[in-house]
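A quick write-up on the structure given underneath.
The values are calculated or read from the model by the stated rules, or taken from the named source; none is laboratory data. Everything numeric here is computed off the predicted structure, so don't read it as measured data. For neighbour counting, all protein chains shown are included, and Cβ atoms are generated from backbone atoms with ideal geometry for every residue, glycine included. What goes into the accessible areas is simple: the full protein's heavy atoms, side chains included, and nothing from ligands, DNA or RNA. Shrake-Rupley method; radii C 1.70, N 1.55, O 1.52, S 1.80 Å.
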Amino acid sequence: MIKMHREKSNRMLIHEAGLRRLVPSHHQYPLIEQEYGKMKYGYKGEEALDYYLTFLPHENYHILHGLRIKDPKGRYFQIDTLLITSTHCLIIDCKYVSGKLEFDEVGCQLIRHKADGEMERMADPLSQVARHRYQLSLWLEHHGFPSLPIASLVALTHSKSHLLKTSPSLMKKVTFLTNLPNRINEINALHSSAVLNKKDFNKLTKTLIKKHTPDSFNFLQNYNIKQEELIKGVICKNCGFNMMKKKRKYWTCKRCNSQSLSAHLYALEDYKLLISTTIQNKELRDFLLISSASEAYNILVSLSLPSIGDKKGRIYSLEHFRISFSP
Ligand SMILES: [Zn+2]
(Lines give C-alpha, C1' and ligand atoms only; values in the text may rest on other atoms or scores of the structure.)
Protein backbone atom coordinates (compact mmCIF):
# COMPACT_ATOMS: atom_id res chain seq x y z
CA MET A 1 0.00 0.00 0.00
CA ILE A 2 1.48 3.33 -1.01
CA LYS A 3 1.47 5.53 2.10
CA MET A 4 3.51 8.39 0.64
CA HIS A 5 3.19 9.16 -3.03
CA ARG A 6 6.04 10.28 -5.20
CA GLU A 7 6.08 14.02 -5.65
CA LYS A 8 8.47 16.43 -7.23
CA SER A 9 10.86 17.76 -4.61
CA ASN A 10 10.62 21.36 -3.46
CA ARG A 11 13.96 21.99 -5.09
CA MET A 12 12.61 20.73 -8.40
CA LEU A 13 9.45 22.85 -8.17
CA ILE A 14 11.61 25.87 -7.32
CA HIS A 15 13.79 25.30 -10.38
CA GLU A 16 10.71 24.95 -12.59
CA ALA A 17 9.38 28.24 -11.23
CA GLY A 18 12.79 29.87 -11.69
CA LEU A 19 12.91 28.90 -15.35
CA ARG A 20 9.41 30.35 -15.82
CA ARG A 21 10.35 33.59 -14.10
CA LEU A 22 13.71 34.34 -15.73
CA VAL A 23 14.33 35.44 -19.30
CA PRO A 24 16.28 32.75 -21.18
CA SER A 25 19.02 35.30 -21.83
CA HIS A 26 19.71 35.66 -18.07
CA HIS A 27 23.30 34.68 -17.33
CA GLN A 28 22.26 32.07 -14.74
CA TYR A 29 19.57 30.50 -16.96
CA PRO A 30 21.83 27.79 -18.52
CA LEU A 31 23.08 26.69 -15.10
CA ILE A 32 19.55 26.52 -13.65
CA GLU A 33 18.37 24.63 -16.72
CA GLN A 34 21.24 22.17 -16.32
CA GLU A 35 20.52 21.59 -12.62
CA TYR A 36 16.83 21.16 -13.39
CA GLY A 37 17.70 18.65 -16.14
CA LYS A 38 19.55 16.49 -13.61
CA MET A 39 16.60 16.53 -11.20
CA LYS A 40 14.14 15.71 -13.95
CA TYR A 41 16.32 12.83 -15.07
CA GLY A 42 16.50 11.43 -11.54
CA TYR A 43 12.76 11.82 -11.08
CA LYS A 44 12.13 9.91 -14.31
CA GLY A 45 14.24 7.07 -12.94
CA GLU A 46 12.24 6.95 -9.73
CA GLU A 47 8.98 6.92 -11.66
CA ALA A 48 10.23 3.96 -13.72
CA LEU A 49 10.43 1.99 -10.48
CA ASP A 50 6.74 2.36 -9.70
CA TYR A 51 5.58 -0.11 -12.36
CA TYR A 52 7.72 -2.88 -10.88
CA LEU A 53 6.48 -2.22 -7.37
CA THR A 54 2.94 -3.02 -8.53
CA PHE A 55 4.03 -6.68 -8.62
CA LEU A 56 4.37 -6.75 -4.83
CA PRO A 57 1.62 -8.07 -2.55
CA HIS A 58 0.65 -4.57 -1.49
CA GLU A 59 -1.28 -5.48 1.65
CA ASN A 60 1.97 -6.62 3.30
CA TYR A 61 3.88 -3.45 2.52
CA HIS A 62 3.84 0.18 3.31
CA ILE A 63 5.58 2.09 0.55
CA LEU A 64 6.99 5.58 1.17
CA HIS A 65 8.41 7.57 -1.72
CA GLY A 66 10.81 10.46 -1.24
CA LEU A 67 10.87 10.33 2.56
CA ARG A 68 13.22 12.97 4.01
CA ILE A 69 13.90 12.79 7.74
CA LYS A 70 16.49 13.87 10.25
CA ASP A 71 18.68 11.46 12.19
CA PRO A 72 19.23 12.10 15.93
CA LYS A 73 22.37 14.10 15.11
CA GLY A 74 20.37 16.52 12.97
CA ARG A 75 21.54 15.22 9.59
CA TYR A 76 18.81 15.00 6.99
CA PHE A 77 18.65 12.08 4.62
CA GLN A 78 16.28 11.32 1.78
CA ILE A 79 15.29 7.84 0.70
CA ASP A 80 14.05 7.37 -2.87
CA THR A 81 11.74 4.51 -1.86
CA LEU A 82 11.29 2.80 1.49
CA LEU A 83 9.37 -0.46 1.83
CA ILE A 84 8.26 -1.38 5.32
CA THR A 85 6.95 -4.75 6.44
CA SER A 86 6.50 -6.23 9.90
CA THR A 87 9.71 -8.26 9.50
CA HIS A 88 12.11 -5.74 7.94
CA CYS A 89 12.38 -2.67 5.81
CA LEU A 90 14.07 -2.11 2.50
CA ILE A 91 15.72 1.04 1.21
CA ILE A 92 15.71 1.32 -2.58
CA ASP A 93 17.98 3.86 -4.20
CA CYS A 94 17.35 4.56 -7.87
CA LYS A 95 20.14 5.22 -10.31
CA TYR A 96 18.96 6.43 -13.68
CA VAL A 97 22.19 6.28 -15.61
CA SER A 98 22.67 4.83 -19.07
CA GLY A 99 25.77 3.20 -20.51
CA LYS A 100 28.45 0.84 -19.26
CA LEU A 101 28.69 1.10 -15.49
CA GLU A 102 31.26 -0.20 -13.09
CA PHE A 103 30.95 -0.25 -9.30
CA ASP A 104 34.36 0.40 -7.82
CA GLU A 105 33.73 -0.98 -4.35
CA VAL A 106 37.26 -0.30 -3.18
CA GLY A 107 37.44 3.29 -4.36
CA CYS A 108 33.75 3.89 -3.49
CA GLN A 109 32.79 5.24 -6.90
CA LEU A 110 30.37 4.50 -9.66
CA ILE A 111 32.20 4.77 -12.97
CA ARG A 112 30.53 5.27 -16.31
CA HIS A 113 32.63 4.22 -19.28
CA LYS A 114 31.83 6.41 -22.25
CA ALA A 115 32.02 5.38 -25.89
CA ASP A 116 35.06 7.61 -26.44
CA GLY A 117 37.04 5.81 -23.73
CA GLU A 118 36.52 8.59 -21.18
CA MET A 119 35.39 7.69 -17.68
CA GLU A 120 32.85 9.64 -15.67
CA ARG A 121 33.14 9.16 -11.92
CA MET A 122 30.04 9.55 -9.79
CA ALA A 123 29.22 9.35 -6.10
CA ASP A 124 28.88 5.75 -5.03
CA PRO A 125 25.24 4.77 -4.43
CA LEU A 126 26.38 1.77 -2.36
CA SER A 127 28.05 4.03 0.20
CA GLN A 128 24.98 6.24 0.19
CA VAL A 129 22.54 3.43 0.97
CA ALA A 130 24.91 2.12 3.63
CA ARG A 131 24.83 5.58 5.23
CA HIS A 132 21.05 5.73 4.97
CA ARG A 133 20.73 2.29 6.59
CA TYR A 134 22.83 3.51 9.50
CA GLN A 135 20.90 6.76 9.83
CA LEU A 136 17.56 4.95 9.70
CA SER A 137 18.70 2.53 12.41
CA LEU A 138 19.65 5.51 14.61
CA TRP A 139 16.27 7.08 13.89
CA LEU A 140 14.38 3.86 14.84
CA GLU A 141 16.28 3.59 18.10
CA HIS A 142 15.81 7.26 18.89
CA HIS A 143 12.05 7.00 18.39
CA GLY A 144 11.77 3.87 20.52
CA PHE A 145 10.99 1.35 17.79
CA PRO A 146 12.32 -2.23 17.90
CA SER A 147 15.46 -2.72 15.86
CA LEU A 148 13.95 -3.68 12.55
CA PRO A 149 16.41 -5.25 10.09
CA ILE A 150 17.18 -2.80 7.30
CA ALA A 151 18.04 -4.10 3.84
CA SER A 152 18.98 -1.99 0.86
CA LEU A 153 19.16 -2.21 -2.89
CA VAL A 154 20.49 0.04 -5.61
CA ALA A 155 18.12 -0.22 -8.57
CA LEU A 156 19.49 0.62 -12.01
CA THR A 157 16.41 2.13 -13.57
CA HIS A 158 17.65 3.11 -17.03
CA SER A 159 16.75 0.56 -19.71
CA LYS A 160 20.11 1.21 -21.41
CA SER A 161 22.37 0.59 -18.43
CA HIS A 162 24.86 -2.22 -18.57
CA LEU A 163 27.01 -3.52 -15.73
CA LEU A 164 30.69 -4.31 -16.15
CA LYS A 165 32.47 -6.63 -13.72
CA THR A 166 29.56 -8.16 -11.89
CA SER A 167 30.08 -10.50 -8.96
CA PRO A 168 27.60 -12.47 -6.84
CA SER A 169 28.30 -10.18 -3.87
CA LEU A 170 27.70 -7.05 -5.97
CA MET A 171 24.46 -8.45 -7.38
CA LYS A 172 23.16 -8.82 -3.84
CA LYS A 173 23.35 -5.05 -3.53
CA VAL A 174 22.53 -3.92 -7.07
CA THR A 175 19.67 -4.91 -9.34
CA PHE A 176 18.26 -4.05 -12.70
CA LEU A 177 14.69 -2.84 -12.58
CA THR A 178 13.29 -5.86 -14.41
CA ASN A 179 14.63 -8.12 -11.67
CA LEU A 180 13.50 -5.93 -8.79
CA PRO A 181 10.37 -7.93 -7.79
CA ASN A 182 12.49 -11.13 -7.64
CA ARG A 183 15.15 -9.45 -5.53
CA ILE A 184 12.52 -8.09 -3.15
CA ASN A 185 11.05 -11.59 -2.77
CA GLU A 186 14.51 -13.02 -2.07
CA ILE A 187 15.09 -10.40 0.62
CA ASN A 188 11.67 -11.25 2.10
CA ALA A 189 12.62 -14.90 2.35
CA LEU A 190 15.58 -13.93 4.53
CA HIS A 191 13.31 -12.25 7.07
CA SER A 192 10.65 -14.57 8.38
CA SER A 193 10.01 -13.50 11.96
CA ALA A 194 7.90 -10.44 12.69
CA VAL A 195 9.64 -7.70 14.66
CA LEU A 196 6.73 -5.28 14.64
CA ASN A 197 3.20 -6.07 15.71
CA LYS A 198 0.39 -4.53 13.70
CA LYS A 199 0.11 -1.54 15.99
CA ASP A 200 3.83 -0.72 15.83
CA PHE A 201 3.90 -1.34 12.10
CA ASN A 202 1.22 1.32 11.57
CA LYS A 203 2.76 3.61 14.15
CA LEU A 204 6.16 3.44 12.46
CA THR A 205 4.73 4.46 9.08
CA LYS A 206 2.68 7.24 10.66
CA THR A 207 5.67 8.61 12.57
CA LEU A 208 7.92 8.57 9.52
CA ILE A 209 5.33 10.48 7.50
CA LYS A 210 4.85 12.95 10.34
CA LYS A 211 8.60 13.55 10.55
CA HIS A 212 8.99 14.00 6.79
CA THR A 213 10.49 17.42 6.06
CA PRO A 214 10.57 18.65 2.45
CA ASP A 215 13.91 20.09 1.40
CA SER A 216 14.28 23.84 1.27
CA PHE A 217 16.25 25.85 -1.24
CA ASN A 218 16.79 29.59 -1.41
CA PHE A 219 16.67 30.24 -5.13
CA LEU A 220 17.64 33.92 -5.20
CA GLN A 221 20.49 33.48 -2.76
CA ASN A 222 21.86 30.32 -4.32
CA TYR A 223 21.99 31.69 -7.82
CA ASN A 224 22.82 35.20 -6.70
CA ILE A 225 19.77 36.67 -8.42
CA LYS A 226 17.96 39.82 -7.36
CA GLN A 227 14.23 39.74 -6.91
CA GLU A 228 13.86 42.54 -9.48
CA GLU A 229 15.33 40.26 -12.13
CA LEU A 230 12.34 37.91 -11.92
CA ILE A 231 9.56 38.25 -14.48
CA LYS A 232 6.44 39.61 -12.83
CA GLY A 233 2.80 39.18 -13.74
CA VAL A 234 0.29 36.41 -14.21
CA ILE A 235 1.61 33.85 -16.70
CA CYS A 236 -0.69 32.18 -19.21
CA LYS A 237 -0.51 28.39 -18.85
CA ASN A 238 -1.47 28.03 -22.48
CA CYS A 239 1.22 30.10 -24.18
CA GLY A 240 3.59 31.29 -21.45
CA PHE A 241 2.91 34.99 -21.94
CA ASN A 242 3.23 36.84 -18.64
CA MET A 243 0.76 39.66 -19.05
CA MET A 244 -2.64 38.15 -18.40
CA LYS A 245 -5.13 40.80 -17.42
CA LYS A 246 -8.25 40.42 -15.39
CA LYS A 247 -11.43 41.05 -17.35
CA ARG A 248 -14.42 40.82 -15.04
CA LYS A 249 -14.07 37.37 -13.46
CA TYR A 250 -11.48 35.96 -15.83
CA TRP A 251 -7.75 36.33 -16.34
CA THR A 252 -7.42 36.77 -20.08
CA CYS A 253 -4.29 36.32 -22.19
CA LYS A 254 -3.64 39.18 -24.57
CA ARG A 255 -1.64 36.93 -26.84
CA CYS A 256 -3.70 33.73 -27.18
CA ASN A 257 -7.02 34.89 -25.73
CA SER A 258 -7.28 31.94 -23.34
CA GLN A 259 -9.17 32.60 -20.13
CA SER A 260 -8.67 31.37 -16.61
CA LEU A 261 -10.27 31.80 -13.23
CA SER A 262 -7.19 30.67 -11.33
CA ALA A 263 -4.10 31.83 -13.29
CA HIS A 264 -3.18 34.25 -10.49
CA LEU A 265 -2.80 31.36 -8.04
CA TYR A 266 0.10 29.94 -10.06
CA ALA A 267 1.81 33.32 -9.88
CA LEU A 268 1.30 33.29 -6.13
CA GLU A 269 2.84 29.82 -5.95
CA ASP A 270 5.85 31.09 -7.92
CA TYR A 271 6.16 33.94 -5.42
CA LYS A 272 6.18 31.44 -2.57
CA LEU A 273 8.73 29.14 -4.24
CA LEU A 274 11.12 31.88 -5.31
CA ILE A 275 10.71 34.83 -2.98
CA SER A 276 9.01 34.28 0.36
CA THR A 277 6.51 32.19 2.26
CA THR A 278 4.82 35.34 3.51
CA ILE A 279 3.22 38.10 1.49
CA GLN A 280 1.60 41.48 2.04
CA ASN A 281 -1.05 43.19 -0.04
CA LYS A 282 1.46 45.55 -1.63
CA GLU A 283 3.85 42.73 -2.49
CA LEU A 284 1.04 40.78 -4.11
CA ARG A 285 0.07 43.78 -6.24
CA ASP A 286 3.66 44.34 -7.21
CA PHE A 287 4.31 40.73 -8.25
CA LEU A 288 0.98 40.06 -9.93
CA LEU A 289 0.94 43.54 -11.51
CA ILE A 290 -2.46 44.40 -10.03
CA SER A 291 -3.18 48.07 -9.46
CA SER A 292 -6.13 47.77 -7.10
CA ALA A 293 -5.52 47.15 -3.40
CA SER A 294 -9.08 45.91 -2.93
CA GLU A 295 -8.64 43.33 -5.67
CA ALA A 296 -5.44 42.10 -4.03
CA TYR A 297 -7.30 42.03 -0.71
CA ASN A 298 -10.08 39.93 -2.24
CA ILE A 299 -7.55 37.43 -3.58
CA LEU A 300 -5.84 37.08 -0.19
CA VAL A 301 -9.11 36.78 1.70
CA SER A 302 -10.53 34.23 -0.75
CA LEU A 303 -7.60 31.93 0.06
CA SER A 304 -8.27 32.02 3.83
CA LEU A 305 -4.53 32.32 4.51
CA PRO A 306 -3.40 32.57 8.11
CA SER A 307 -2.34 36.14 8.81
CA ILE A 308 -0.90 38.41 11.45
CA GLY A 309 -0.89 42.19 11.86
CA ASP A 310 -3.38 44.97 11.30
CA LYS A 311 -5.17 45.97 8.12
CA LYS A 312 -2.49 47.77 6.15
CA GLY A 313 0.56 45.89 7.35
CA ARG A 314 -1.10 42.49 7.51
CA ILE A 315 1.23 39.62 6.64
CA TYR A 316 -0.26 36.51 5.09
CA SER A 317 1.38 33.10 5.35
CA LEU A 318 1.79 31.04 2.18
CA GLU A 319 3.33 28.14 4.13
CA HIS A 320 0.48 25.72 3.40
CA PHE A 321 -0.62 27.25 0.12
CA ARG A 322 -0.01 24.86 -2.74
CA ILE A 323 -1.03 24.61 -6.36
CA SER A 324 0.96 23.02 -9.15
CA PHE A 325 1.66 24.87 -12.37
CA SER A 326 2.87 21.81 -14.24
CA PRO A 327 1.03 18.49 -14.50
ZN1 LIG B 1 -1.70 32.84 -23.68
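Kindly work out what percent of the DSSP beta bridges joining two residues of segment 2-211 are antiparallel, to the nearest 5.
Roughly 60 percent of the DSSP beta bridges within segment 2-211 come out antiparallel.
Lysine pairs in segment 85-215 8 or more apart or on different chains: how many have alpha carbons under 22 angstrom apart?
21
When ligands, DNA and RNA are left out and all protein chains stay put, how many square angstrom of accessible area per residue does the chain have with a 1.4 Å probe? Mind dumping the intermediate values first?
Values: 17810 Å² over 327 residues.
Ligands and nucleic acids excluded, the result is 54 Å² per residue.
Using a 1.4 angstrom probe on heavy atoms only, work out the carbon and sulfur share of the accessible area of the chain in %. Intermediate results must be reported in sequence, preceding the final value.
Numbers: 9010 of 17810 Å².
Roughly 51 percent, rounded to a whole number.
Cα atoms only, segment 232-317: Rg and Dmax in Å?
12.8, 40
If you count, for each residue, the other Cβ atoms within 10 Å and average over each peptide, how do 218-225, 183-190 line up from highest to lowest? Please report the intermediate quantities before stating the final value.
Values: 218-225: 14.0, 183-190: 15.5.
The densest-packed peptide leads the list: 183-190, 218-225.
Would you list which lysines come within 27 Å of Lys237, measuring only between C-alpha atoms, while excluding same-chain residues fewer than 8 positions from it?
Hits, sequence-local ones excluded: Lys8, Lys38, Lys40, Lys44, Lys226, Lys245, Lys246, Lys247, Lys249, Lys254, Lys272, Lys282.
Specify which residue in the list Leu273, His15, Thr207 is farthest towards the positive end of the charge dipole of the chain, using unit charges on the beta carbon of Lys, Arg (+1) and Asp, Glu (-1), about the Cα centre.
Toward the positive end, the furthest listed residue is Leu273.
Could you state the number of Å between the C-alpha centres of segment 61-83 and segment 127-189?
The distance from the Cα centre of segment 127-189 to that of segment 61-83 comes to 14 Å.
Classify segment 2-211 as rounded, prolate or oblate from the Cα gyration tensor: take a ≥ b ≥ c as the square roots of its eigenvalues, call it rounded if a/c is under 1.5, otherwise prolate when a/b beats b/c and oblate if not. Walk me through the numbers before you get to the answer.
Values: a/c = 1.91, a/b = 1.31, b/c = 1.47.
Oblate.
Quick one: accessible surface of Arg285, probe radius 1.4 Å, all protein chains present, in square angstrom to the nearest 10.
70
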